[in-house]
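Chemist: Sharing a structure, written as structure tokens. Questions coming.
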Amino acid sequence: MSADDAADAATSDASYTASVVGGTGFTGGELLRILAGHPNFEVVQATSRSADNMTVGRSHPNLRGLDLRFSDPDDLASVDVLFSATPHGVSMEQVDEYFEAADTVVDLSADFRLPEAALYDEWYDGHASPEYLERAEYALPELNRENLPGADLIAGGGCNATATILGLKPLVDEGVLDSETGEVVVDVKVGSSEGGAGGGAASSHPERSGVVRPYAPTGHRHEAEIEAYLGLSVSFTVHAVDMVRGASATCHVFPDDPVSKADLWTAYRGAYADEPFMRIVSGGGGVYRYPEPKSVAGTNHGEVGFELDPGNRRVVVFSAIDNMTKGSAGQAVHGANVALGLPETAGLEFEGLHPVGSP
Amino acid sequence: MSADDAADAATSDASYTASVVGGTGFTGGELLRILAGHPNFEVVQATSRSADNMTVGRSHPNLRGLDLRFSDPDDLASVDVLFSATPHGVSMEQVDEYFEAADTVVDLSADFRLPEAALYDEWYDGHASPEYLERAEYALPELNRENLPGADLIAGGGCNATATILGLKPLVDEGVLDSETGEVVVDVKVGSSEGGAGGGAASSHPERSGVVRPYAPTGHRHEAEIEAYLGLSVSFTVHAVDMVRGASATCHVFPDDPVSKADLWTAYRGAYADEPFMRIVSGGGGVYRYPEPKSVAGTNHGEVGFELDPGNRRVVVFSAIDNMTKGSAGQAVHGANVALGLPETAGLEFEGLHPVGSP
Amino acid sequence: MSADDAADAATSDASYTASVVGGTGFTGGELLRILAGHPNFEVVQATSRSADNMTVGRSHPNLRGLDLRFSDPDDLASVDVLFSATPHGVSMEQVDEYFEAADTVVDLSADFRLPEAALYDEWYDGHASPEYLERAEYALPELNRENLPGADLIAGGGCNATATILGLKPLVDEGVLDSETGEVVVDVKVGSSEGGAGGGAASSHPERSGVVRPYAPTGHRHEAEIEAYLGLSVSFTVHAVDMVRGASATCHVFPDDPVSKADLWTAYRGAYADEPFMRIVSGGGGVYRYPEPKSVAGTNHGEVGFELDPGNRRVVVFSAIDNMTKGSAGQAVHGANVALGLPETAGLEFEGLHPVGSP
Amino acid sequence: MSADDAADAATSDASYTASVVGGTGFTGGELLRILAGHPNFEVVQATSRSADNMTVGRSHPNLRGLDLRFSDPDDLASVDVLFSATPHGVSMEQVDEYFEAADTVVDLSADFRLPEAALYDEWYDGHASPEYLERAEYALPELNRENLPGADLIAGGGCNATATILGLKPLVDEGVLDSETGEVVVDVKVGSSEGGAGGGAASSHPERSGVVRPYAPTGHRHEAEIEAYLGLSVSFTVHAVDMVRGASATCHVFPDDPVSKADLWTAYRGAYADEPFMRIVSGGGGVYRYPEPKSVAGTNHGEVGFELDPGNRRVVVFSAIDNMTKGSAGQAVHGANVALGLPETAGLEFEGLHPVGSP
Amino acid sequence: MTTDTDPVLAEDPITGEEIELPADVEVGEIIDSPVTGTELEVISLDPVVLEEAPELEEDWGE
Amino acid sequence: MTTDTDPVLAEDPITGEEIELPADVEVGEIIDSPVTGTELEVISLDPVVLEEAPELEEDWGE
Ligand SMILES: NC(=O)c1ccc[n+]([C@@H]2O[C@H](COP(=O)([O-])OP(=O)(O)OC[C@H]3O[C@@H](n4cnc5c(N)ncnc54)[C@H](OP(=O)(O)O)[C@@H]3O)[C@@H](O)[C@H]2O)c1
Ligand SMILES: NC(=O)c1ccc[n+]([C@@H]2O[C@H](COP(=O)([O-])OP(=O)(O)OC[C@H]3O[C@@H](n4cnc5c(N)ncnc54)[C@H](OP(=O)(O)O)[C@@H]3O)[C@@H](O)[C@H]2O)c1
Ligand SMILES: NC(=O)c1ccc[n+]([C@@H]2O[C@H](COP(=O)([O-])OP(=O)(O)OC[C@H]3O[C@@H](n4cnc5c(N)ncnc54)[C@H](OP(=O)(O)O)[C@@H]3O)[C@@H](O)[C@H]2O)c1
Ligand SMILES: NC(=O)c1ccc[n+]([C@@H]2O[C@H](COP(=O)([O-])OP(=O)(O)OC[C@H]3O[C@@H](n4cnc5c(N)ncnc54)[C@H](OP(=O)(O)O)[C@@H]3O)[C@@H](O)[C@H]2O)c1
Ligand SMILES: [Zn+2]
Ligand SMILES: [Zn+2]
């Protein structure tokens, strides 16, 4: 079944074969988890160079029920949709092979996220296949839903960029913020799964436990993505904290004109009331009054909330996602669902746990 | 629909109304989470005295999508199935009212777990409704599947007892262990959700973080349950460790006659190969070689594994569950599925996450 | 021995009797720990209403070696120095009694931190003993060393305020920042001990584990302290993260005029090179490149560091302390050491641990 | 100054030069921390192959105040005491060189712990320098104080063995346990620092967080040490749990003859009442009723406690230490203090923190 | 026909939207808005008038 | 008909059960048993003979 059959696919009996390149990795494993429970996908291949021929459950204990072994990424099966979850730089080299094997390619790396080759020269080490950049669509439906149907190269967003974009977009849409507004400070806190399965000394449990560690004080590459898609230049700083899953962005913004809490509710309700995965959590009672990564852990939900600080003419926006789902694999599947005309929430229904520790 | 229609229910369109008494609690919230995703249940009531009229999502942030408010436990709605998740002692007092409101009662407390009133005198403070004890069926299908169909009073097992029973039952069934065998030491490690939502000073984050704390050095009441259902007297010690969900039982046993690893595989495969929720994890490669709570967190799975220690003529058995699911709410729903003739895994399909921190 | 004998005290054989009001609390326990190892103090009383007559070691297991029992705060012993570690509002009511019992009073609450009664009307619920405000000296020697010698009412700083003040003061002193500069965003991450020993539902282990939780989105009272002592209005937001000890302030500032990294090093070296407890950690190699709470846990050290973000004309300043030591009890003892003419580091020599988890 | 001057050293002005081989490692760093604060040692060398010429503070952020750089282990300085903290197998190869450089060698590895070469054949891969085994003294003063004075080859105990030996020794000394008694089950829980600084995939933060992981189900080499020094064969199982520092041994023993709680108190008080580092924590009130690793974290203390289980004729013994101090570096220094005739607690006075998370 | 278990309707004081409340709400009761989660105080019943409840910060200490 | 992508069959050395292995396994390769998860070494190919692989405990240090 090819992407141009997408129109038919809205019925729940559409079925696509899929492969996952980079199946031993964290986001690769998350893709496998989601696709295994997705009614419209059948995973036929998961690749690994290091665990070739081993069962998938050996790497991902939650997938022990899956009857699948890793195979070599050099022998790509022919599938409808190929998901690639490799480190930056791999898929831009492999994209031709990917399209020989598949009709639709969904890439989770940064390789097709930015709209122009020049940005790869500025923020990365250039681009090996710039001709694909125009063809690629950013996977995040809350940002780019209208361009996804029928897209055949889908680029998953960066996890920290996703958290930030989801938090600030309603303010940009409402004109509260634009490129002329003053400082936009985005202070991000992330879990250890952001580093991927191959972490080094700084990722060892004794060194990484209990930290609040500035790990990207300035110059994080996700700034480029945020600027490209929100039109805002942001002052971005990322801290590692003691959790495994989760990215939390606190955005401190200073609108030129005063806004009221009702304005903010209107802006966020307008943007997200009909979104299947977005929740506004902003004050209220009980323990969970604002967005928190652990409220959305394991889910494709994004939580956003805000508070006014009139004394400083500031609006604080909180945004929380699970970097492994909404921030990567879940977003990729969500984007693919939209591209293929499947129900948006297919495969992404898990609502999360409570109580839950540091998921 | 009443329990005696159970035979019809194997089709996926059977539908039961349900209520949850104790809906603000940890296992009450877990019941609500599972039932909300269960194709055959519709939750019509969740009770709370302390949060009467508040939304369920205020207590359980993962249930913000649920359009339900807590109501008073004194006004029980008429339902097919009433789940009670109250502290020990409440449901033995309320059971008549429960049966006025519902055809089937599933109780998660210890109130109907033990088979005889005398055991409540010995281990608890006696029993207020001993006439119900015979009627009650222990919820764990791996132990009691044959007696569950049609049962209308179902008693969920204790979380630590469940972990232990699942670990040792195959050895009892194979005759490797019996009441004449020597010492059976069960050393349990549990997460903080076992204490329920109302924890005191010892449960505060600063005091409870990072602990290995003997919290029931001896005399834990689950010994009674284990003895009642396995016929074994066990030396039981429970430690609190730094996780939220999870119970892990390490059983050190000393069979009279030598057993081989192949014997053990035969025993455990015989017991669990056809069980939908049980996994044998015993050696092998990678990071996850033995049962671990985090491999099953959020799921209704139980993992069991074993290792031989010939020098000490010992068999070590490891058993890991999530106390909130397999150890309480999931087991209760699993038991109810069997009792009502529903597909066993209905509502319990979540397979868990990887990586995951301290779930 | 009274405070006016301070001049003699620089010899290591000066000896002061001390009492701790609020000895069961977290900062009270930390005071007892520090004073027990302090060569110039002898603790003669620790008060508690709830644990009257119990041993100190029952509340604080690290102090089991201390032969001391709690006594009633209504029966204050006559001592040289009284340390009060009670919730806000208590010491402003008790200060007359305190001075009847002691020559020198060191208060860890907010009650004497702010210079003017009007600020208590604005940020708190007014002040019961405003006549003491002028007499009080802020305890932080890095800010207020010259006014401490001979002071007899010493007000310990707020933990988050301390982290912020230590981070920004060098920039204020150098004129990089002043009240006319643009936005100063301070994004703080704190551990659970900040909540004190009496935490409620939000502080329970299951709810508090693994969080990134906005707990003071705006309007935190420490803003008042920062403004009072740095002359800067700051946009302040505090998040709870999964650690027990520690406060980390990330300050995002936008100087009017460009600064170089050399300027920053000059400013911070100028401010802190001779400070016994301050360390500049700013780039470099290995795992610990910037300030981290766990690097200073248990110590009276403060770490500060900075990074330039020329693209956004931003300077990011990181500041990390242990809220229980540098942020409260350690600062109080440091301030008392200066006030009494004792060696500054007396009792505060512990250098911390590595590796260390979530201290 | 050489070891035979030890008699003079009881005065606090004795001074020994020391080197630490393996200074980048976890126990090497802990040695450096302790020795830096030890009044009778002056560290002149810390070796590293991988961080040669780097500052010690780069590896161990708590030692930033130390003015010392790593140097090559091939160029050993001439010192009074050489501490070696290398992986198993290194010091048995280097011991001749060590003694060329130093009068006294303190080894933290397993290389000189066992009394006979045959045990190395059985439990390890043989021994390269068996002629030193008789000369070596086990470092733990609670076990071996009488043989330490004047010893010039001191072998630090294994961390898990130390916890177990401290827990069971009083029962062995009192004759409650001997080699004829029935099963002795020792169920151990340990933190991630036991794995050393070079941990692999299983030690990464995402995989190691929140675990209860059987990491040595059977056949742990510390069984050999325990048997050698207690004369007991123990059934030993080790679990990794989510903490960084700490080893907790729960010993389940079944004495032939009934013992009373008074007997147990007598046994443990007899063994430990005069020990400077041992504490009996056994019941009582408050949060900390039994031994806990976090109560002793960072200290050289050992906590032991016990409970009777008459129904099972069982005694449960709990023992908690910090593997980095009492379980390795602290024990090594304690042993060296005794060997050299220094005050036993010199350098080891730190009493720990409260509250403290997962240290 | 309305029964006493039918939800009652009210205006959310923050967003102005119509929201549903349980039939048995009482004056003075604190109840959370289904739209914003904000805690609201029931000021009057016929019609139901709601106001933002004063924030209780007990668990959010410093 | 078998193709070179059809799985090959072998006997699990621990349980004696028949297990499926990928078509392209090679002698000397380590592969985990789908039944027990145990790491098995491929000793020969025609027929496939498997043996328990020596345990690598690299990540399980003390
Ligand atoms: N982690 C996150 O939160 C997150 C969020 C958003 C986006 N992303 C992006 O997603 C991608 C994957 O991240 P991750 O965290 O899952 O990384 P990871 O855990 O390190 O996994 C990388 C995977 O790629 C495979 N791989 C590496 N080099 C390859 C090559 N040259 N050819 C084929 N396969 C190769 C690896 O397996 P073998 O070595 O066995 O082949 C492994 O399965 C990255 O681009 C990352 O930026 C990650
Ligand atoms: N936590 C576990 O891992 C686990 C495992 C197995 C079994 N269990 C058993 O499950 C039961 C619930 O445990 P939990 O951990 O969920 O406890 P929990 O978090 O403390 O919740 C108890 C619930 O019961 C309600 N409640 C208390 N007293 C009541 C009464 N007299 N009448 C009506 N409702 C009452 C409480 O709400 P209101 O006060 O608002 O009414 C609350 O919703 C216990 O019997 C426990 O032993 C728990
Ligand atoms: N925790 C921090 O990180 C931190 C940092 C900087 C400043 N502070 C400030 O230090 C103070 C203490 O904080 P904490 O965290 O240590 O609090 P805590 O753990 O709650 O302890 C408060 C202590 O005060 C006692 N107490 C309460 N009310 C009292 C009264 N009316 N009269 C006499 N004693 C009373 C309590 O004991 P009994 O009830 O048994 O008498 C307890 O010992 C607060 O003002 C706080 O703002 C705390
Ligand atoms: N961790 C514990 O809790 C604990 C407890 C009791 C006993 N022990 C024992 O203490 C010893 C050290 O353990 P650890 O946890 O500190 O290990 P670690 O963190 O891995 O450190 C090992 C150190 O040895 C150095 N090293 C490695 N091979 C060497 C060689 N061939 N020659 C010279 N130096 C070498 C390494 O540094 P370079 O590679 O830079 O030279 C490193 O500094 C082990 O024998 C362990 O069994 C550890
Ligand atoms: Zn934790
Ligand atoms: Zn942790």
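Chemist: D:Gly311 is checked against (1) touching a helix residue (DSSP H, G or I) at 6+ places or on another chain (Cβ under 6 Å); (2) free of Cβ contacts under 8 Å to residues at least 12 places away in the same chain; (3) assigned to a helix (DSSP H, G or I) and fails just one. What number does that condition carry?
Modeler: That leaves (1) as the condition not met.
Chemist: What tally of residues in the stretch A:32-82 results from selecting those that are hydroxyl-bearing (Ser, Thr, Tyr) and touching a Lys or Arg at 6+ places or on another chain (Cβ under 7 Å)?
Modeler: 1
Chemist: Here's a follow-up. Only one residue in B:Arg33, B:Arg69 is over 17 Å from the mean Cα position of the chain (by Cα), farther than 15 Å from B:Ala336 by Cα and either within 14 Å of chain A (Cβ to nearest Cβ) or open to solvent by 20 Å² or more (accessible area, probe 1.4 Å) (or both). Which one?
Modeler: Sole residue among the options that is over 17 Å from the mean Cα position of the chain (by Cα), farther than 15 Å from B:Ala336 by Cα and either within 14 Å of chain A (Cβ to nearest Cβ) or open to solvent by 20 Å² or more (accessible area, probe 1.4 Å) (or both): B:Arg69.
Chemist: In the list B:His354, B:His334, which residue meets the criterion of being away from ligand 3 (no atom under 16 Å from the Cβ) and within 11 Å of chain D (Cβ to nearest Cβ)?
Modeler: One residue alone meets the criteria, B:His354.
Chemist: So, D:Arg64, is that one touching a helix residue (DSSP H, G or I) at 6+ places or on another chain (Cβ under 6 Å), under 25 Å from C:His301 (Cβ atoms) and open to solvent by 50 Å² or more (accessible area, probe 1.4 Å) or not?
Modeler: Criteria met by D:Arg64.
Chemist: Quick check on the stretch D:197-213: of everything there that is within 19 Å of B:Ser358 (Cα to Cα) and surrounded by fewer than 24 Cβ atoms within 10 Å (Cβ to Cβ), which residue is nearest to the other protein chains (Cβ to nearest Cβ)?
Modeler: Per the stated criteria, the residue is D:Ala202.
Chemist: Which ones in the stretch A:99-125 are among the small types (Gly, Ala, Ser) and under 24 Å from A:Gly196 (Cβ atoms)?
Modeler: Within the stretch A:99-125, A:Ala101, A:Ala102, A:Ser109, A:Ala110 qualify.
Chemist: If I ask for residues that are surrounded by fewer than 17 Cβ atoms within 10 Å (Cβ to Cβ), under 9 Å from the mean Cα position of the chain (by Cα) and of a type in the set (D, E, K, R), which ones from the stretch F:30-46 would you list?
Modeler: Residue satisfying the conditions is F:Glu41 alone.
Chemist: Could you go through the stretch B:36-51 and let me know if any residue there is more than 10 Å from chain A (Cβ to nearest Cβ), in a helix (DSSP H, G or I) and either open to solvent by 10 Å² or more (accessible area, probe 1.4 Å) or without any contact (Cβ under 8 Å) to a residue 60 or more places away in the chain (or both).
Modeler: no
Chemist: Can you find a residue that is open to solvent by less than 10 Å² (accessible area, probe 1.4 Å) and free of Cβ contacts under 8 Å to residues at least 60 places away in the same chain anywhere in the stretch A:244-258?
Modeler: no
Chemist: Taking the stretch A:97-143, which residues are within 14 Å of A:Ala228 (Cβ to Cβ), within 16 Å of ligand 1 (Cβ to nearest atom) and either among the hydroxyl-bearing types (Ser, Thr, Tyr) or free of Cβ contacts under 8 Å to residues at least 12 places away in the same chain (or both)?
Modeler: A:Tyr120, A:Tyr124, A:Tyr138
Chemist: Then there's this: In a helix (DSSP H, G or I) and β-branched (Val, Ile, Thr): which single residue out of D:Val338, D:Val304, D:Val356 fits that description?
Modeler: None of the others qualify; the one that does is D:Val338.
Chemist: Among residues belonging to the stretch C:302-319 that are within 7 Å of another protein chain (Cβ to nearest Cβ) and surrounded by 24 or more Cβ atoms within 10 Å (Cβ to Cβ), point out the one that is farthest from the chain's Cα centre (by Cα).
Modeler: The extreme case among them is C:Val316.
Chemist: Can you pull out every residue in the stretch D:314-335 that is touching a helix residue (DSSP H, G or I) at 6+ places or on another chain (Cβ under 8 Å) and assigned to a strand (DSSP E or B)?
Modeler: D:Val315, D:Val317, D:Phe318, D:Ser319, D:Ala320, D:Ile321
Chemist: OK, next. So which residues in the stretch D:101-152 are open to solvent by 60 Å² or more (accessible area, probe 1.4 Å), away from chain F (no Cβ under 14 Å) and within 16 Å of ligand 4 (Cβ to nearest atom), if there are any at all?
Modeler: none
Chemist: Something else now. Just checking, which of D:Asp178, D:Asp173, D:Asp187 is touching a strand residue (DSSP E or B) at 6+ places or on another chain (Cβ under 6 Å), on the phi < 0 side of the Ramachandran plot, of a type in the set (D, E, K, R) and more than 16 Å from ligand 2 (Cβ to nearest atom)?
Modeler: After applying the criteria, what remains is D:Asp187.
Chemist: Kindly establish whether B:His88 is closer than 18 Å to B:Thr27 by Cβ and either open to solvent by 10 Å² or more (accessible area, probe 1.4 Å) or within 16 Å of ligand 4 (Cβ to nearest atom) (or both).
Modeler: yes
Chemist: Hey, among C:Ser78, C:Ser2, C:Ser12, which residue is at pLDDT below 95, away from ligand 3 (no atom under 16 Å from the Cβ) and touching a strand residue (DSSP E or B) at 6+ places or on another chain (Cβ under 8 Å)?
Modeler: When all the criteria are applied, what remains is C:Ser2.
Chemist: Just checking, which of B:Gly199, B:Gly231 is farther than 19 Å from C:Gly199 by Cβ and away from ligand 6 (no atom under 16 Å from the Cβ)?
Modeler: Just a single option satisfies the conditions, and that option is B:Gly231.
Results for (1) within 16 Å of ligand 1 (Cβ to nearest atom); (2) within 14 Å of another protein chain (Cβ to nearest Cβ); (3) free of Cβ contacts under 8 Å to residues at least 60 places away in the same chain; (4) surrounded by fewer than 20 Cβ atoms within 10 Å (Cβ to Cβ), shown as yes or no for each residue.
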site	(1), (2), (3), (4)
A:Ala155	yes, no, yes, no
A:Ala163	yes, yes, no, no
A:Lys169	no, no, no, no
A:Asp173	no, no, no, yes
A:Asp178	no, no, yes, yes
A:Gly182	no, yes, no, yes
A:Val188	yes, yes, no, no
A:Gly195	yes, yes, yes, yes
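Chemist: Identify, please: which residue in the stretch C:20-44 is within 17 Å of C:Val105 (Cα to Cα) and polar (S, T, N, Q) and is, among those, nearest to ligand 1 (Cβ to nearest atom)?
Modeler: Per the criteria, the residue is C:Thr27.
Chemist: I need the full set of residues from the stretch A:209-230 which are out of contact with any Lys or Arg (no Cβ under 9 Å at 6 or more places or on another chain), within 16 Å of ligand 1 (Cβ to nearest atom) and part of a helix (DSSP H, G or I), in order please.
Modeler: Residues satisfying the conditions are A:His222, A:Glu223, A:Ile226.
The values are calculated or read from the model by the stated rules, or taken from the named source; none is laboratory data. Since this is a predicted model, take the numbers as computed values, not measurements. No Cβ is skipped: glycine too gets one built from the backbone with ideal geometry, and neighbour counts run over all protein chains shown. These area figures cover heavy atoms from the full protein model, side chains too; ligands, DNA and RNA do not enter into them. Shrake-Rupley method; radii C 1.70, N 1.55, O 1.52, S 1.80 Å.
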